[in-house]
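Okay, structure first, notes after.
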Amino acid sequence: MALTRSPRWFAKGVADLANSPWPPTLRGRVWLASPRLISSPEPPTFGSSFGVLSKRAAAASSSSMAVSLRWSPGPRSLWDEPLAISVHGLAPAQPVTLRASFRDEKGELFQASARYQADAGGQLDLARAPALGGSYSGVEPMGLFWSMKPAKPYWRLVKRDVQTPFLVELEVYDGHDPQPTKVMAQVVHERGFLGPGVKRIPVREGSVRATLFLPPGSGPFPGIIDIFGAGGGLLEYRASLLAGHGFAVLALAYYAFEDLPKDMKELHLEYFEEAVQYLKNHSQVKGPGVGLLGFSKGGDLCLSMASHLKDITATVTLNGSMANVGSVLHYKGMTIPPLGSDPKRIKMTKDGFADIVDALNNPLEEPNRRSLIPVEKAESCFLFLVGLDDHNWKSEFYANEAAKLLQAHGKKKPKIICYPATGHYIEPPYFPVCPVSFHALVGTLVIWGGEVSAHSMAQIDAWKQLRAFFHKHLGKD
Ligand SMILES: CCCCCCCC/C=C/CCCCCCCC(=O)SCCNC(=O)CCNC(=O)[C@H](O)C(C)(C)COP(=O)(O)OP(=O)(O)OC[C@H]1O[C@@H](n2cnc3c(N)ncnc32)[C@H](O)[C@@H]1OP(=O)(O)O
């Protein structure tokens, strides 16, 4: 696979490695997993079919020549792809510790480690061998990814530039010491967000501020608008990954980005209508309708779009609300006020974090009903994906009430999928779970909910479900 990377990126990659938590002997000495990018004065020693070591690094751990780390599909993969990870050349039943780590674009470290034991043949296949402890336990082929935690407290994984991958370092250490030192093999794997041939097209059409991602080929492709929640800016990573599955996806900003409003106090649905028209009219987008994917506040915006705008065929919300929250919403002279809240209902956890799950008023009680989104007006099909441990708001209640409203008006029954022990931030697969972080709207650290393993499995399933839903209702490319 041709790596479309410039030497600059490669140099940056190696520089990142130099700052990595690896033992000094190996810092900056490990090369990318593609021999084509190697330009070292010392001929690299191949530590595995996909990983290479510099001669000095290999010598630093004498047995590294025998031990090899392999993962497929190859030296690079997409963040939402599962990997097959195995270790070869170990001693029979040898205890080892595997560690995965990388740094995000702000230089913050994410890492996970787990203890394993080689089989009688000195092999270790993460698809079959149970982790004996560490960041996770049991047979978890992708445990080293979804169990990663940031070194910086209250930090979320955010991919800001989807054109560059995260360089994930995987190491095999001898033994089960809490701080193992003897590295036997390591490899760097490129985890990207832009699939082969996926095109990234900045969109500055009329007032629309977005980025369009097109799959390889001429299409036309089913079109989806992807909207994040409160926080502002333009996050592209969910759209870029989804485009890798055959959709034309428009990542849409709506405040705190370029010349858009600086805050979300007042939003106008006409802006979102313009985005729908842009996508619908794109030559590589298959009509007649488009899909909407909204997370959190992005979810209630998608419900408002589906309720008031034409040509919305399929709508998926990830922990969305069925009331308009956090902003006044205007459309053609109509004004929908934000659902009220009562800070007195904010609880503080024993660790001192805000739990805002009860802060919002009940949208079914007067006078809050004026904030209700009239989903009964929508022609769209709906899929509500819900984390049952969502501490941002009552996602399950909102999904069930929206379903009642739709069916009371003779509309199609929406699909509701609830995930136990799953919090608010349902991200694409293998994103580390964020239990606590800064809430842009509330202005303080809040708990989001979610038990790491269950939430991680929910992310994997939710991604499959939404892709299947969109393919079913929007067609395949
Ligand atoms: C306790 C008193 C409360 C009183 C109020 C009354 C209560 C009201 C209750 C209401 C009930 C609930 C209502 C909720 C409605 C909204 C629901 C939601 O949408 S929840 C949010 C869902 N989030 C998303 O969809 C993600 C949206 N985007 C973002 O989070 C941001 O775009 C970004 C953080 C990814 C990037 O921010 P950017 O624009 O680039 O700004 P900057 O980098 O300067 O960061 C600003 C600020 O954000 C924090 N931050 C940044 N990056 C991270 C990170 N990777 N992990 C964690 N936190 C991050 C950080 O604090 C930054 O501030 P600094 O000063 O720079 O530290």
remark   = Of (1) in a strand (DSSP E or B); (2) more than 16 Å from the ligand (Cβ to nearest atom); (3) over 16 Å from the mean Cα position of the chain (by Cα); (4) modelled with pLDDT of 95 or more, Gln186 fails just (4)
key: Filtered residue count, segment 143-166, keeping only those that are more than 26 Å from Leu445 (Cβ to Cβ), away from the ligand (no atom under 16 Å from the Cβ) and surrounded by 23 or more Cβ atoms within 10 Å (Cβ to Cβ)   = 3
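Where in segment 74-125 are the strands (runs of 3 or more DSSP E), entirely inside, with at least 1 residues that are crowded, with 20+ Cβ neighbours inside 10 Å, within 16 Å of the ligand (Cβ to nearest atom) and not basic (Lys, Arg)? Reasoning before the result, please.
Working: elements: 76-78, 84-88, 95-103, 109-117.
Qualifying strands (runs of 3 or more DSSP E): 95-103, 109-117.
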query = Which is surrounded by fewer than 20 Cβ atoms within 10 Å (Cβ to Cβ) and within 19 Å of the chain's Cα centre (by Cα), of Ala462, Ala468?
reply = Ala468
ask   = Taking the stated definitions as given, is Ile417 touching a strand residue (DSSP E or B) at 6+ places or on another chain (Cβ under 6 Å) and in a strand (DSSP E or B)?
value = yes
ask   = Is there a residue in segment 301-316 that is near the ligand (Cβ under 9 Å from one of its atoms) and surrounded by 20 or more Cβ atoms within 10 Å (Cβ to Cβ)?
value = no
query = Taking Val452, is it within 16 Å of the ligand (Cβ to nearest atom), among the aliphatic types (A, V, I, L, M), more than 21 Å from Ile416 (Cα to Cα) and not assigned by the TED database to the domain that holds Arg156?
reply = no
task = Considering (1) more than 19 Å from the chain's Cα centre (by Cα); (2) of a type in the set (Val, Ile, Thr); (3) buried (at least 16 other Cβ atoms within 10 Å of the Cβ), say which one Val452 fails and leave the rest.
result = (1)
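Suppose we keep only residues that are of a type in the set (Gly, Ala, Ser) and within 11 Å of the ligand (Cβ to nearest atom) within segment 424-449. Which one would you say is nearest to the chain's Cα centre (by Cα)? Let's see the steps before the verdict.
Step one: filter segment 424-449 for residues of a type in the set (Gly, Ala, Ser), giving 437, 440, 443, 449.
Of the ones still in play, those that are also within 11 Å of the ligand (Cβ to nearest atom) are 437, 440, 443.
Values: Ser437: 16, Ala440: 18, Gly443: 23 Å.
Looking at residues that are of a type in the set (Gly, Ala, Ser) and within 11 Å of the ligand (Cβ to nearest atom), I get Ser437.
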inquiry  = Condition (residue is part of a strand (DSSP E or B) and within 12 Å of the ligand (Cβ to nearest atom)) applied to segment 322-332: is it met by at least one residue?
reply    = yes
Residue within segment 288-296 that is in contact with a Gly (Cβ under 7 Å, 6 or more places away or on another chain) and of a type in the set (Phe, Trp, Tyr) present = yes
key: Odd one out for Ile336, checked against (1) within 13 Å of the ligand (Cβ to nearest atom); (2) out of contact with any Gly (no Cβ under 9 Å at 6 or more places or on another chain); (3) under 26 Å from Asp358 (Cα atoms)   = (1)
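Just checking, does segment 208-215 include any residue being under 14 Å from Gln284 (Cβ atoms), in a loop (DSSP other than H, G, I, E, B) and in contact with a Phe, Trp or Tyr (Cβ under 6 Å, 6 or more places away or on another chain)?
So the first thing to find is which residues in segment 208-215 are under 14 Å from Gln284 (Cβ atoms), and the list is 212-215.
In the following step, the residues that additionally are in a loop (DSSP other than H, G, I, E, B) were identified as 215.
Checking which are in contact with a Phe, Trp or Tyr (Cβ under 6 Å, 6 or more places away or on another chain) leaves us with 215.
Yes, segment 208-215 has at least one match.
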remark   = Note on segment 367-393: residues within 17 Å of Met334 (Cα to Cα), within 16 Å of the ligand (Cβ to nearest atom) and not small (Gly, Ala, Ser) are Asn368, Leu372, Ile373
message = If I ask for residues that are in a helix (DSSP H, G or I) and of a type in the set (Gly, Ala, Ser), which ones from segment 442-477 would you list?
response = Ser453, Ala454, Ser456, Ala458, Ala462, Ala468
query = Can you find even one residue in segment 367-389 that is in a helix (DSSP H, G or I), touching a residue at least 24 places away in the same chain (Cβ under 8 Å) and under 23 Å from the mean Cα position of the chain (by Cα)?
reply = no
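Residues checked against (1) at pLDDT below 95; (2) assigned by the TED database to the domain that holds Ser456; (3) small (Gly, Ala, Ser); (4) touching a Leu at 6+ places or on another chain (Cβ under 9 Å):
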| site | (1), (2), (3), (4) |
| --- | --- |
| Asp358 | no, yes, no, no |
| Arg369 | no, yes, no, no |
| Cys381 | no, yes, no, no |
| Leu385 | no, yes, no, yes |
| Asp390 | no, yes, no, no |
| Lys394 | no, yes, no, yes |
| Asn400 | no, yes, no, no |
| Gly410 | no, yes, yes, no |
| Cys418 | no, yes, no, yes |
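Okay, residues lined up against (1) surrounded by 21 or more Cβ atoms within 10 Å (Cβ to Cβ); (2) assigned by the TED database to the domain that holds Gly89; (3) farther than 30 Å from Gln117 by Cα:
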position	(1), (2), (3)
Val172	yes, yes, no
Gln179	no, yes, no
Val203	no, no, yes
Ala256	no, no, yes
Asp263	no, no, yes
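The values are calculated or read from the model by the stated rules, or taken from the named source; none is laboratory data. What you see is a predicted model; the values in this text were computed from it and never measured. Note: ideal-geometry Cβ built from the backbone for every residue, glycine included; neighbour counts use all protein chains shown.
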